[in-house]
Amino acid sequence: MTSPANPHAPDGTPYMSPAQAPRLELIDIVSTYVERGRRLTALAGLSLQVGKAEFVALVGPSGSGKSTLLDIVSGLLIEDSGTVFIDGELTAAAQRLGKSAYMQQRDLLLPWRTTVSNAALGLEASGVPRAEAEQRASAQLQRFGLNGFGGAYPAQLSGGMRQRAAFLRTILPRKDLVLLDEPFGALDALTRADLQMWLAGLWEQERPSVLLVTHDVEEAIFLADRVIVLTPRPGRVAFELTVSLLRPRMRDMIASPAFIQDRATLLHALGLVGHSST
Amino acid sequence: MMLARIDRQLGWATPLALVAVIVIVWEIAVRATNTPAWLLPAPSGVVRSLVEDKDILLPNALVTFSEVLLGFVSAVVVGVSLGITIYRSATLERLLYPIIIASQTVPIPALAPLLLVWFGYGLLPKVLVTALVGFFPIVVNTVEGLRSTDPDVINLLRSFGASRGKVFRLAEFPSSLPSVFAGARIAVAICVIGAVFGELVGAKAGLGYLITRAIAQFETPRLVAAIVLLSAMGTGLFALIGLIERIVLPWRKYTRASRS
Ligand SMILES: Nc1ncnc2c1ncn2[C@@H]1O[C@H](COP(=O)(O)OP(=O)(O)OP(=O)(O)O)[C@@H](O)[C@H]1O
Ligand SMILES: [Mg+2]
């Protein structure tokens, strides 16, 4: 509808070779929920791209359909209309299952599994034998700040550790596309700043394509290459910003003029100037 | 308040102390009123019977115990399988649930004689009655437990490409276990009653059989001794399941929600 012209042929064949294709391309995605007989439009013709090794942040008001969008990309939810290309290939929802690593708003650690087994769950779900999956998870504990807690149950972990365990579960299968839904939403400001720095470092080592949903404009700028702003429900792309910070990202960049400029631009786009900065 | 404090300090001793008080009051009451043993034996008489009749009591207790155990294990196997079937297929749920509920309304005293005719006086009819009364709470709790699986966890696994079987193995089945154990604890107590019911109708051995004979011969101390053994059996099995649960589900002692 309001999206740019479809760059693909009508039959869906990509116009470019898979090697040049973006990791993810969404065209004109429409998604509705039926609630008590009323049809509610969550996404009304949303189009966006995430390049290879690109970190894209998605910000928007609550209810603008951000989680709905990630559900669609992961294959858990079927879009009403629109097309989803992964690596230049047209995919139906069922084909997308297993193509991305999806970290949802809650950490979803299984209470009966230790940190190591929880971290191994993503691998196990994608077919790796349990022993091997756990061994690969163990080898990463140090890097994820979980050393010494491999055998602990989730109830014994702090909020930050739980989140890191969920991250490890997400990253371990090394999917080319990582979907993060407010991974730091439930954390206190200090832990949050800590983990943002840590995630920036982690991303720079591995460089998967990331689509990160966040309410926090500063988090979006600090982590992402590009920030996409959604309209209030029904969600569409309202604005896009290419972040002017260089990589690797450093904590003190949040005081730089480039950061402050980007933040002002985004807050303006969100219509939040003069309210709060989160 | 005070009871709770005493309880914390004594631990295991509290229930024992309560039993001791009941036994002492009972003993005094029987002696003071000169009640004949065939009407109501004093605890000392029951203990005497437990000691003197142990060569009769123990082999029969063993028979009942094997009926309870076999019946209970069958109840768990059948109950969990049916629970899984019902959970996984709405059609089978509609077909099976009415039958399962109907099975619980069959009066055991009416059914047991039939089983006797079909399968004789041996172990089998008792095991069947035991399993019949025991499997119901396990089915219901298995279904409830499976349904308690966090849908977001199921989605998480699906998003990683897990097959339906893998989702079941990694999320749904483990989620159901606390509830399955709760069902098993209810079932094991009912199974003891079930086995005795089976024996009362017609048996050549077992504590139920001893009870029928003791009633006929006014051997009330032996009757009460048999009941004491049955209670011990039920309590012991209940505790055993609690122990198995703590071994199989070691994580439960860490969950904050379940420890208020
Ligand atoms: N399962 C559902 N059934 C009905 N309506 C739903 C369902 N899930 C989401 N919605 C509705 O769709 C809209 C978009 O929801 P969504 O969760 O995608 O928003 P969001 O941008 O992730 O919000 P938040 O920032 O609060 O997480 C909301 O209005 C919500 O009420
Ligand atoms: Mg959301």
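Read the figures in this text as sums done on the coordinates, not as results from a lab. Just so we're clear, the structure is a prediction, and the values are computed from it rather than from any experiment. Positions of Cβ are backbone-derived with ideal geometry, glycine not excepted, and every protein chain shown enters the neighbour counts.
Projecting the alpha carbon convex hull of chain A along each direction and taking the average yields 16.0 nm².
Would you mind calculating the relative contact order of segment B:1-122 from Cα pairs under 8 angstrom and at least 6 residues apart, reporting the percent as a whole number?
On the way: 22 pairs, mean separation 10.7, N = 122.
Once normalised by length, the contact order is 9 percent.
With 31 Å as the limit, the listed pairs A:LYS66/B:LYS166; B:LYS126/B:LYS253; A:LYS66/B:LYS253; B:LYS54/B:LYS126 have B:LYS126/B:LYS253; A:LYS66/B:LYS253 beyond it between alpha carbons. Taking θ as phi - 60° and the Karplus parameters 6.51, -1.76 and 1.60, the scalar couplings of segment B:184-196 work out to 5, 5, 5, 4, 5, 5, 5, 4, 4, 4, x, 4, 5 Hz in sequence order, x denoting glycine and proline.
Rounded if a/c is under 1.5, else prolate if a/b is larger than b/c, else oblate: which is segment B:36-150, with a ≥ b ≥ c the root eigenvalues of its Cα gyration tensor? The shape class here is prolate.
Scanning residues 5 or more positions from A:VAL178 or on other chains, those with amide H under 5 Å from its amide H are A:ALA101, A:SER209, A:VAL210, A:LEU211, with H placed 1.01 Å from N in the peptide plane. Let's test the formula: R0 of 41 Å, r as the Cβ-Cβ distance of A:GLN105 and B:TRP118. What FRET efficiency results, to the nearest 0.05? My answer for the efficiency is 0.10. Across all directions, the average flat footprint of the convex hull enclosing the Cα atoms of the protein assembly as shown is 35.0 nm². Annotation: segment A:45-148 has a Kirkwood hydrodynamic radius of 16.1 angstrom, from the mean reciprocal C-alpha pair distance. Scalar couplings 3J(HN,Hα) for segment A:140-149, obtained by applying the Karplus form with A = 6.51, B = -1.76, C = 1.60 to θ = phi - 60°, are 9, 3, 4, 5, 9, x, 10, 4, x, 10 Hz; x denotes Gly and Pro. Sorting B:GLU52, B:GLU144 from the fewest to the most surrounding beta carbons within 10 angstrom yields B:GLU52, B:GLU144. Taking trypsin sites (Lys or Arg not before Pro) in DSSP loop states with no more than 11 other Cβ atoms inside 10 Å as exposed sites, chain B has its longest site-free stretch at B:1-203.
Its convex hull of Cα atoms gives segment A:151-253 a direction-averaged projected area, equal to a quarter of the hull surface, of 7.8 nm². Taking only the C-alpha atoms of segment A:109-174, Rg followed by Dmax gives 10.2, 29 Å. Largest first and in whole Å, the equivalent-ellipsoid semi-axes of segment B:37-252 read 40, 20, 12, each the square root of five times a Cα gyration tensor eigenvalue.
Projecting the Cα atoms of B:VAL106, B:THR212, A:TYR153 onto the charge dipole of the protein assembly as shown (Cβ charges, centred on the Cα centre) puts B:THR212 farthest toward the positive pole. Restricting segment B:128-182 to chymotrypsin sites (Phe, Trp or Tyr not before Pro) that sit in a DSSP loop and have at most 15 other Cβ atoms within 10 Å of their own Cβ leaves nothing. Arranged from fewest to most other beta-carbon atoms within 10 Å of their beta carbon, A:HIS215, A:HIS268 become A:HIS268, A:HIS215.
Net charge around B:LEU240, counting only other residues with Cβ within less than 13 Å of its Cβ (Lys, Arg = +1; Asp, Glu = -1)?
+1
Across the options A:MET103, A:LEU40, A:ALA264, the greatest Cα extent toward the positive end of the charge dipole of chain A (unit charges at beta carbon of Lys, Arg, Asp, Glu) belongs to A:MET103. Among A:LEU76, A:LEU223, A:LEU177, determine the one that fluctuates most according to a GNM of chain A built with springs between C-alpha atoms less than 10 Å apart. Among A:LEU76, A:LEU223, A:LEU177, the largest GNM mean-square fluctuation belongs to A:LEU76.
I need the Debye-formula profile for segment B:84-165: one equal scatterer per C-alpha, no solvent, reported as log10 I(q)/I(0) at q = 0.23, 0.27 1/Å, two decimals. The computed values of log10 I(q)/I(0) come out as -1.10, -1.23. Here is the list for segment A:27-85: trypsin sites (Lys or Arg not before Pro) lying in DSSP coil, each with at most 15 other C-beta atoms within 10 angstrom of its C-beta, are A:ARG36. Remark on B:GLY161: its backbone amide H falls under 5 Å from those of A:GLY98, a criterion applied only to residues 5 or more positions apart or on other chains, H modelled at 1.01 Å from N. For segment B:1-55, the list of chymotrypsin sites (Phe, Trp or Tyr not before Pro) that fall in a loop by DSSP and count at most 14 other C-beta atoms within 10 angstrom reads B:TRP12, B:TRP38.
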